[in-house]
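The values are calculated or read from the model by the stated rules, or taken from the named source; none is laboratory data. Keep in mind that what you see is a predicted model, and the values were worked out from it rather than measured. Glycine also receives a Cβ, built like all others from the backbone with ideal geometry; neighbour counts cover every protein chain displayed. Accessible surface is based on the protein model in full, side chains and every heavy atom, while ligands, DNA and RNA are left aside. Shrake-Rupley method; radii C 1.70, N 1.55, O 1.52, S 1.80 Å.
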Amino acid sequence: MIQTMGVRRSGRAPTILITAIAVAWGLSALAGTSGRALLLNHGRLIEGAPPFFRPPPLWVALPLFLLAWQVMVVAMMLPSSLPMVRLFRVASARAPQPGVVRAAFLGGYLLVWSGFGAVAFLNDIGIHRLVDRTPWLGAHPWVVAGGALGLAGAFQFSALKEKCLTECRHPGAFLLQHYRRGVSGAFRLGRRHGLFCLGCCWALMLVMFAAGVANLWWMAALGALMFYEKVGRAADRVVPLGGVVLLALAALVLIHPPWLPAVFGGQANG
């Protein structure tokens with residue numbers, strides 16, 4: 001078990017992680033402004049863009065999407081986990097091969113988000129097929145985007161959201177309770193932290209999924225919201241406010257569908 005004094009002296013965030021976050025945002029900005037993000041957009045990977053771009057097979061499409069997804073996760077999710085990373089860095093300072101231990105922690109965390117991304121991508125294939133087979137959904141595609149916004153807004157008020165946020169807001173207590181030495185212990189800790197992080201933010205990331213990879217406005221807005229929900233002083237007030245805004249946007253999309261491109265910056269996806 002780690003010592004309390006070690007937890008309190010959290011130190012600085014590793015330069016390599018700050019660099020990774022900056023690079024992820026840079027790549028997202030470059031992809032978004034150049035238009036190349038559309039090539040890795042899940043909608044294009046599933047349906048293609050006839051006659052110019054045929055959809056690749058699933059064994060190619062899924063890894064390509066997960067590559068873009070990981071960049072988005074590093075840019076949006078990793079900043080809010082830096083307090084935990086700093087504490088873990090101190091706790092593992094005297095461990096054998098501390099670099100390997102820290103890599104295992106981050107690996108466990110990113111594995112959770114990779115799994116969620118894969119499930120979301122496969123589920124989106126099912127949604128596309130359902131829309132293709134259901135004339136009513138084909139004529140009302142905005143229902144999917146409005147549903148994602150409504151789900152995310154409603155989840156802001158849920159007990160599960162609050163439970164997971166409580167764990168994420170107190171990384172010191174979390175580390176004291178769950179820290180175990182060794183590479184396997186670090187991996188399990190990262191995975192556990194990732195699961196609570198996923199529990200906080202999965203619905204918001206579904207909105208990001210609907211908005212499209214490298215939609216910079218939504219990346220910035222949702223990334224800032226998820227960051228503040230975990231570390232902000234007025235986070236308890238911001239969480240329900242975010243829910244109200246998302247529900248209002250859902251109502252806007254469902255009541256007046258022509259505004260959907262404005263809400264999602266013209267990049268909405270099924």
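Stretching the chain fully between LEU137 and ALA224 yields a gain of 28.1 nm (0.36 nm per residue, less the alpha carbon separation).
For the range 66-146, the relative contact order works out to 30 percent when only alpha carbon pairs closer than 8 Å and six or more residues apart are counted. Running Debye on the range 115-254 with equal point scatterers at the Cα sites and no solvent, what base-10 log of I(q)/I(0) appears at q = 0.17, 0.18 Å⁻¹? Values returned for q = 0.17, 0.18 Å⁻¹ are -1.00, -1.08. Over the Cα atoms of the range 173-235, the radius of gyration divided by the Kirkwood radius equals 1.09; this is the Rg/Rh ratio. Structural size metrics of the range 127-189, computed from C-alpha coordinates, are Rg and Dmax of 20.0, 56 Å. The share of Cα pairs per 10 Å bin across the range 207-248, counted from zero up to the longest distance, runs 29, 50, 21, 0 percent.
Working from label points 7 Å from Cα in the Cα-to-Cβ sense, the SER158 to SER34 distance is 3.7 nm. The peptide list 164-177, 123-136, 104-117, put in order of mean Cβ contacts within 10 Å with the highest first, becomes 104-117, 164-177, 123-136. Element breakdown for the range 70-141 at a 1.4 angstrom probe: carbon and sulfur atoms account for 65% of the accessible area.
For the range 176-248, the share of accessible area belonging to carbon and sulfur comes to 66 percent (1.4 Å probe, ligands and nucleic acids excluded).
Under the shape rule built on the C-alpha gyration tensor, where the axes satisfy a ≥ b ≥ c, the range 115-159 is oblate, since a/c reaches at least 1.5 while a/b does not exceed b/c.
Using a/c under 1.5 as the rounded threshold, could you call the range 91-150 rounded, prolate or oblate? The axes a ≥ b ≥ c are square roots of the C-alpha gyration tensor eigenvalues, and prolate needs a/b larger than b/c, oblate otherwise. Display every interim value, and only then the final one.
Working: a/c = 9.48, a/b = 3.82, b/c = 2.48.
Note, shape of the range 91-150 comes out prolate.
Using the Cα gyration tensor of the range 45-167, with a ≥ b ≥ c the square roots of its eigenvalues, what is the shape: rounded (a/c below 1.5), prolate (a/b larger than b/c) or oblate (neither)?
Details: a/c = 3.63, a/b = 1.68, b/c = 2.16.
Cα axes put the range 45-167 in the oblate bin.
Paramagnetic label reach from TRP217 (point 7 Å along Cα→Cβ; backbone nitrogen cut-off under 14 Å): within the range 226-250, residues 249.
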